[in-house]
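Below is one structure, written out as structure tokens, with a few remarks after it.
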Ligand code: F6P
């Protein structure tokens, strides 16, 4: 059977274990030899015990666990050719020519570059006698299937990334808890949520918690936002509301590209309205804990589809990313999605907010 390896890379997210489990079990079911690569690309470079054959029961009792049981890392060694050469040798030694990568756009881009370079890496291994001519011939094609694991939902091409739904559950639970204490004391709370340069978590959290105001990176507020914010808060209070909730995405910015921090928002509220105001930064609580049912199913479906993609790959098949489209797991060309994701970042850097939102698409 084919040699498949699965690894998780970059920041962890709830649901990654479900995806790993599905890759292992689908792979074994279809007669493949499946390996874990532990600690992401670092494990691939270091080899040894980091690359371990998986069996059916090695993925028992992980579907409900948060994070990634096979570890993840941001790896600098893999950015240089000598690191990638070591990684290629470690894969060939174990007969692995199929990779399932679960990570963000950086991790997926790395995998695609590795694939493009694969033949020249094998040539170098052959010329330095680290592999045999038979190995060079037998393992000449490397196939890649990616899945996006991230709580940020910041990747173009998929409606949802693995982990976003669980993070939202955690955020909503935290806001609900804050609301009850805010009510008692007639306070205003500013909640900072994660998402790096993407406002998805902030927007959905605001919509589903009946927040009064939300700041997010893709739609910087008008320059007179302090007045607009205060008017809105006052209006709510005079209508009888005992509290206010303001959501600030960690990447929120104004129209000049300057950060709008929770601290800055607090200052505006306190200076203008003298409201009793507190800040809660949710931090990594949002990323940890057990995955939601949605993320477990998403991980399972994407993992199974990734293995199917590798099974059907021909030497010409481009690297793919498994995405959610509607309620369907589909395969899209990996590089196209990465390019679109980069174009969103560029549009935002160029202050072309509408273009950024358009490019991001449905997510
Ligand atoms: O990409 C996931 C994420 O949690 C972002 O929302 C956040 O900006 C970042 O990772 C935090 O990174 P780290 O865990 O390295 O502090």
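Each value in this text was obtained by applying a stated rule to the coordinates, not by laboratory testing. Just so it is clear, the structure is predicted and the values come from calculations on it, not from any experiment. No Cβ is skipped: glycine too gets one built from the backbone with ideal geometry, and neighbour counts run over all protein chains shown.
Summary table below
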item	result
Degrees separating the helix 225-238 axis from the principal Cα axis of the chain, which is the longest one	60 degrees
Ordering of 38-50, 60-72, 174-186, 293-305 by burial proxy (mean other Cβ atoms within 10 Å per residue, highest first)	293-305, 38-50, 60-72, 174-186
The range 36-191: radius of gyration and largest Cα-Cα distance (Dmax), Å	20.8, 75
DSSP beta bridge pairing in the chain, given as percent antiparallel to the nearest 5	25 percent
Relative contact order %, the chain, counting alpha carbon pairs below 8 Å whose residues are six or more apart	22 percent
Span from the the range 48-74 Cα centroid across to the the range 269-284 one, whole angstrom	41 Å
Mean separation of Cα contacts under 8 Å, 6 or more apart, over the residue count of the range 187-343: relative contact order %	25 percent
222 nm mean residue ellipticity, helices alone, for the chain (DSSP H n ≥ 4; -39,500 (n - 2.57); rounded to 500)	-14500 deg cm²/dmol
Alpha-carbon centroids, the range 333-357 and the range 89-161: separation in whole Å	24 Å
Cα centroid separation, the range 303-319 to the range 191-223 (Å)	37 Å
For 141, 197, order by how many other beta-carbon atoms lie within 10 Å, fewest first	141, 197
